[in-house]
Amino acid sequence: MRWVKSGTAAFRKILAEGERRGDTESAKVHSVVAEVLARVREEGDDALVEFTRRFDRFDLRRRGAAVSPREIDAAWRRTPKAIRASLSLAASRIESFHRHQDESGFTTGMPGALTGQRVLPVVRAGVYVPGGKAAYPSTLLMNTVPARVAGVREVYAACAAPGGEVPDVVLAAARIAGIQGVFRIGGAQAIAAFAYGTGMVPRVDVIAGPGNAYVTEAKRQVYGRVGLDMLAGPSELVVMADDTAKARFVAADMLSQAEHDEDAFVALVTDSRRLAGKVDGELARQSAKLPRKKIVAASLSRASGFLVKGLDEGIDVVNRLAPEHLALMLEDPWGAFERIRNAGTVFVGDHSPVAVGDYLAGINHTLPTGGAARFSSPLGVATFLKRTNVVSYQLRALAGDAPHVVRLAEKEGLFAHAQAVRIRTGKGAS
């Protein structure tokens, strides 16, 4: 881990790099994704078959794009009962938490006029579930359960499936979520299929779920054709800790994010040199026992340690980094929390590891990354809702507003706007 001290050029440089971490875009990734999207849009299933054969090494037509109910039932039976119970508990917690996010719209207005907003779910949602390096049933639940709570009529999942096999545990989660279908399609081609629709895959209204650089770039390029949750990048964690923190807890949380991906963003912000030294030791000791050693080592080689002068500077660093996950291990974590503006999820106190948020706390683990927590929010029910404004005027209300509307319309040179009011009321600007 690279340590930088407050007030130094290195500190300012590493912090600025952290603020810009969401800016990177590969020209190669962009061009590859553009080709995949164009081919799927123009050729439909033929392109899906070709890309699946090339990238996932199986024949989509022979195997079938949709996972059959029989396959899902068989996967359910093969999944150990204890795992099924844990998945069911996680799903119920996610559902309970997200039911508090329900929106019902509103009406308001003035004498003779009604204004309001109607809130409805989209009709169809597609969820992307990563695969390849690991199986992610938690991601399927985190993205499909809020859609179901929102009232989305049809929810589908696309799962990366090298060799054509979707992991049993992911299919078990799909059964618990009660979604309408699972497709064994991954990568940018899955995003294209959801965005444009093919014979095998229906077009959806919203696409949600994280993925690799190609999936994220595909989501970026189809935005406008379809709604998105966010452009989620590699996993992130910033720990803010003082001299009261337990080094073994700090290191354990940092490693839990470092093992996700070589490109994971991990940082520690502290004013305690003593803690910094202990955390370095704990990272070495604990990582030696982990199976994903190469991934952890690569991630930690890019990790940053910010030695700050005190709480105020530490909070400023955190707000500038705007991390996906923030862990507060401080003498007064709630006091610090009140001053945090930019973070996807905040884990307050020593006994709130990020892992509980990833699986069982009920909060959503699909979160803004790359500094997007400055302006973006976790995935939730609102991701799958759309709002329609409503206006209904009676003549007396229109007559009262007419002079103002006509005056403003004519000032902007939009005389047909003014005429649309005058023709109903006979009134113009005074």
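I'd like the residue in region 89-115 that is under 23 Å from the mean Cα position of the chain (by Cα) and hydroxyl-bearing (S, T, Y) and, out of all such residues, is farthest from F384 (Cα to Cα). If we take residues in region 89-115 being under 23 Å from the mean Cα position of the chain (by Cα) and hydroxyl-bearing (S, T, Y), then S92 is farthest from F384 (Cα to Cα). Taking each residue of region 401-418 that is closer than 20 Å to M110 by Cβ and looking for partners that are assigned to a loop (DSSP other than H, G, I, E, B) with beta-carbon atoms closer than 7 Å, six or more apart or interchain, yields A402/K427; P403/K427; P403/G428; P403/A429; P403/S430; V406/G428; V406/A429; R407/A429. Evaluate region 344-351: report whether one residue or more is in contact with a Phe, Trp or Tyr (Cβ under 9 Å, 6 or more places away or on another chain), buried (at least 18 other Cβ atoms within 10 Å of the Cβ), hydrophobic (A, V, I, L, M, F, W, C) and in contact (Cβ under 8 Å) with a residue 60 or more places away in the chain. No, the conditions are met nowhere in region 344-351. Within the group V222, V170, which residue is buried (at least 24 other Cβ atoms within 10 Å of the Cβ) and in contact (Cβ under 8 Å) with a residue 24 or more places away in the chain? Selected residue: V170, the only one of V222, V170 that is buried (at least 24 other Cβ atoms within 10 Å of the Cβ) and in contact (Cβ under 8 Å) with a residue 24 or more places away in the chain.
Residues in region 221-255 that are in the same structural domain as G209 (by TED's automatic domain parsing) and of a type in the set (F, W, Y): 1 in all. Of all residues in region 54-75, those satisfying the criterion of being modelled with pLDDT of 95 or more, surrounded by fewer than 17 Cβ atoms within 10 Å (Cβ to Cβ) and assigned to a helix (DSSP H, G or I) are P69, R70, D73, A74.
Checked against (1) under 30 Å from N319 (Cβ atoms); (2) among the charged types (D, E, K, R); (3) assigned to a helix (DSSP H, G or I), R396 meets all criteria but (1). The set of residues in region 326-335 that are within 16 Å of D253 (Cβ to Cβ) and in contact (Cβ under 8 Å) with a residue 40 or more places away in the chain comprises L326, A327, L328, M329, L330. Consider region 225-251 and keep the residues that are touching a Lys or Arg at 6+ places or on another chain (Cβ under 9 Å) and part of a helix (DSSP H, G or I). The one that is surrounded by the fewest Cβ atoms within 10 Å (Cβ to Cβ) is R248. Evaluated against (1) crowded, with 24+ Cβ neighbours inside 10 Å; (2) touching a strand residue (DSSP E or B) at 6+ places or on another chain (Cβ under 8 Å); (3) over 30 Å from G310 (Cα atoms); (4) modelled with pLDDT of 95 or more, G181 falls short on exactly one condition, (1). For region 374-409, the tally of residues that are of a type outside the set (F, W, Y), crowded, with 17+ Cβ neighbours inside 10 Å and in contact with a Pro (Cβ under 8 Å, 6 or more places away or on another chain) stands at 7. Criterion applied to A420, A429 was being at pLDDT below 95 and among the small types (G, A, S), and the one residue passing it is A429. The set of residues in region 32-74 that are within 27 Å of the chain's Cα centre (by Cα) and closer than 17 Å to A177 by Cα comprises A66, V67, I72. Step by step: first the residues of region 291-323, then only those that are more than 15 Å from A16 (Cα to Cα) and of a type in the set (K, R), then the one that is farthest from the chain's Cα centre (by Cα). Which residue is that? Step by step, filter region 291-323, then rank; the result is K309. Residues that are modelled with pLDDT of 95 or more and more than 14 Å from the chain's Cα centre (by Cα) within region 116-143 comprise G116, Q117, R118, V119, L120, P121, V122, V123, R124, A125, P137, listed in sequence order.
Restricted to region 148-158, and to residues there that are touching a residue at least 60 places away in the same chain (Cβ under 8 Å) and touching a Lys or Arg at 6+ places or on another chain (Cβ under 9 Å), the residue that is surrounded by the most Cβ atoms within 10 Å (Cβ to Cβ) is V152.
The values are calculated or read from the model by the stated rules, or taken from the named source; none is laboratory data. All values reported here derive from a predicted model rather than from experimental measurement. Heads up, the Cβs are rebuilt from the backbone with ideal geometry, glycines too, and the neighbour counts pull from every protein chain shown.
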